[in-house]
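Take a look at the structure below.
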Amino acid sequence: MSTPYSVPTIDEYLRQRLMPVEGAIPHIPGIEMFGVSIPAGVVGGDLFEYINFQQRYDIDARIEHAKRLAIEYLEPLPPGSPVRNSVDDHVEWLRSHTNYQPKMETEYRFARSSEQLRVAEDLRDLYSTAGVLIVDAQGHGIIPAKIASTVHDTFHALMLTELDRYGKTTPKLFENLNLRLAQSLTARNALGLSETEQTREIATMLYGEVHPEGNFRFANFGHPPPLVFSAKCSRLLPVHEDHMAQFLALGLQLPADHPDRLRYFSMDLRKHRIMSDDIAEITLINSGDILMLYTDGVYDGSDAEVRQSLEEILQRRHNEPARNICDAIMEFALLQDEVLRLNGDEALIDDKTVFIVKRT
């Protein structure tokens, strides 16, 4: 007899949404990865997700679609035929102007066709690329969980547009995500506003992509910086944050050159929009090198004693699989919670996420 379906509570629903799915772990040659997330209560504000491009998107179909468009964009629209695509539509607009010349259409069709060829080329890189999304909404409970879920949904909606337009993620995704979560002058922003304290809810985010050569390119919005363990030196390497762009938490800061900047509140204005140079990169050079991502419930990025303890764990465990290393780090973090409980500081316990990337 089958068990009757039980409608989940909102806590259960959000907890399930925010948990990583082990079956989605990407398989990248020369790279091993594993992550885990544990909320401080029934549900928390941490979100961790593998972005398995091969599993989530039909890359083959997208490549073929881009190739078909590349051919179609070059073909003039037969007289009397309905508009087939955005190129035909723009050509019709060009023809409506008195300065129109036939070469304008030819040049425009060639430019848009070549864009699609580039999209098809860039899409191929997704076969050997894995993404990881980590969001940490301030606090724990239903409201931070809803905020983390909102960031997640917004991110994936923008990702669809990115793959359609460019065949890859670009800095535009992060800029649009940041703007979407900013506080409008006329409406409450997606992150929320406390009615009682008149303070902003805060969510940090780190999104990065792993490549077979050991490269990890990422954008960081207020999140603790990654840790890099060198197997050769058997120690954590210093990460020079002054050479690594880090933006404020999501929605807090807009670029001075954005046309909508006066329609949102911003703590201050960045000099310019996010560019490729603002995407940081870390490379795992040797076999056994480890990249560790985490939320501040595990390590706040500044405590010297905790950093030393993490280094000692990595020194003992670096020859083990990524899953074992991840579990050992999480076990250490949970033991720290027990110390807080014994000291009566249970309120300081926070959600925890650990993600390990190891070069094999």
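The values are calculated or read from the model by the stated rules, or taken from the named source; none is laboratory data. Bear in mind that the values here come from a model prediction, so they are computed numbers and not experimental data. Backbone-built Cβ (ideal geometry, glycine too); neighbour counts: all protein chains shown. With ligands, DNA and RNA removed, areas are computed over all heavy atoms of the protein, side chains included. Shrake-Rupley method; radii C 1.70, N 1.55, O 1.52, S 1.80 Å.
How many residues are aliphatic (A, V, I, L, M), at pLDDT 95 or above and either touching a helix residue (DSSP H, G or I) at 6+ places or on another chain (Cβ under 7 Å) or closer than 18 Å to Ala203 by Cα (or both) when one looks only at segment 228-248?
So the count comes out to 1.
Only one of Glu115, Glu107 is open to solvent by 80 Å² or more (accessible area, probe 1.4 Å) and either of a type in the set (Asp, Glu) or in contact with a Cys (Cβ under 9 Å, 6 or more places away or on another chain) (or both). Can you tell me which?
Glu107
For segment 48-57, does any single residue satisfy the condition of being crowded, with 16+ Cβ neighbours inside 10 Å and part of a loop (DSSP other than H, G, I, E, B)?
yes
Assess whether Leu291 counts as being assigned to a loop (DSSP other than H, G, I, E, B) and within 19 Å of the chain's Cα centre (by Cα).
no
Restricting to segment 235-282, name every residue that is of a type in the set (Phe, Trp, Tyr) and either open to solvent by 40 Å² or more (accessible area, probe 1.4 Å) or over 13 Å from Asn220 (Cα atoms) (or both).
Tyr264, Phe265, listed by residue number.
Considering each residue of segment 30-47, count those that are out of contact with any helix residue (DSSP H, G or I) (no Cβ under 7 Å at 6 or more places or on another chain) and part of a loop (DSSP other than H, G, I, E, B), and give that number.
Matching residues across segment 30-47 total 3.
Based on what the data block shows, is Leu335 part of a helix (DSSP H, G or I), of a type outside the set (S, T, N, Q) and open to solvent by less than 60 Å² (accessible area, probe 1.4 Å)?
The answer is no for Leu335.
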